[in-house]
1. Along region 114-127, what does the Karplus equation 6.51 cos²θ - 1.76 cosθ + 1.60 (θ = phi - 60°) give for ³J(HN,Hα), rounded to whole Hz, x for Gly and Pro?
2. Collect residues whose amide H, placed 1.01 Å from N in the peptide plane, falls under 5 Å from the amide H of Ser155; neighbours closer than 5 in sequence don't count.
3. Pop out the ³J(HN,Hα) list for region 238-254 in order, Karplus 6.51 cos²θ - 1.76 cosθ + 1.60 with θ = phi - 60°, rounded to Hz; leave Gly and Pro as x.
4. Order by neighbour count: Ile282, Ile130, Ile211, Ile105, fewest other Cβ atoms within 10 Å first, most last.
5. Per the Cauchy relation, a quarter of the hull surface: what is the mean projected area of the convex hull of the alpha carbons in region 202-281, in nm²?
6. Each residue of region 267-283 in order: what ³J(HN,Hα) in whole Hz does its phi give by Karplus 6.51 cos²θ - 1.76 cosθ + 1.60, θ = phi - 60°, with x for Gly and Pro?
Amino acid sequence: MTIPLWMMWYLSCPNCLGCLKIRYRSAALQERYFLILFVGKLGLLAYRDIYLWQNANAQAHSRYLTGTLLEGIHRARLEIAMKRQLFLIFSVVGLGIPALAAADIDALMEDCNGCHGANGVSQWTDMPSIAGIPEFVLADALYIYQDEARPCAESEYRMGDTSRAATTMCAVAAELSEDDIDALAAAYAEMGWTKVKQDFDADKAAAGKAIHDADCDRCHSEAGTNPEDEASMLGGQQMGYLRDSFAQYADGSREQPKKMKEKLDALSADDVEALVHYYGSIQ
């Protein structure tokens, strides 16, 4: 069941479209987000109709209206509420179908874990953990890799299986359908964030905490470990991967939000290294 994006926008949140286009490159993610808002609004409308129906009942009794008129009020309100509830049910079913239609999620995750570690928890400093990353963040990253809009270095990590050829994230993402991406993102998001144990410099970590609290905490709260922020998980992430990411932001090969770019451009190389050690200290 597909609902036009413009219709969902009109019926859900007319002020959200610009924000989502900035935050999420993928039209599929925008459509999924608006469908959720649309379904929620239908539920509120149905609740309102039932409330008005009950209110009309009370008013009818208070004014001693005839049974015929009262029955007409009930029938009209109930009919509207039932139609909206049915549409709500069909919308929810339509929302869930893509995940059910996705390929075998276990097989997909096994391929991902080949590089990102068992259960999506990385064992290598330059390979990110993906278990516990917010659903929208991981899905959007996969769509970006499909567009080859982010550096795609060749990975040599195959969980010790050297018979498997090295690959890149762009090549992996190119093989995934939209349903595969949605299913993977949902599965890893449900696993919970696991902080990596790694060595760090305590003095640099202390300096990094001050920078994070001043410039980063608004979007990456709880030391960058709060999945409800729907932002990249930082605290407890592999430090080598964080260094690579900061370098890609600096050279422009990886896109970043305008506000984040303004903050990063103001940081020195020592400041960035301090942030890396601070996030590495979250264990």
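Please treat every number below as a calculation from the coordinates, not as lab data. From a predicted model like this one, the values you see are computed outputs, not experimental measurements. So basically every Cβ, Gly included, is an ideal-geometry build from the backbone, and we count neighbours across all protein chains shown.
1. Running phi through 6.51 cos²θ - 1.76 cosθ + 1.60 with θ = phi - 60° gives x, 10, 8, x, 4, 6, x, 9, 5, 10, 10, 5, 9, 10 Hz.
2. Those lying under 5 Å, H to H, from Ser155 are Thr167, Thr168.
3. 4, 5, x, 5, 4, 4, 4, 5, 4, 5, 5, 4, 5, 8, x, 7, 10
4. Listing Ile282, Ile130, Ile211, Ile105 from fewest to most nearby Cβ atoms yields Ile105, Ile211, Ile282, Ile130.
5. Averaged projected area of region 202-281's Cα convex hull equals 4.7 nm².
6. Karplus-based 3J(HN,Hα) across region 267-283 equals 8, 7, 4, 5, 4, 5, 5, 5, 4, 4, 5, 5, 5, x, 7, 7, 9 Hz.
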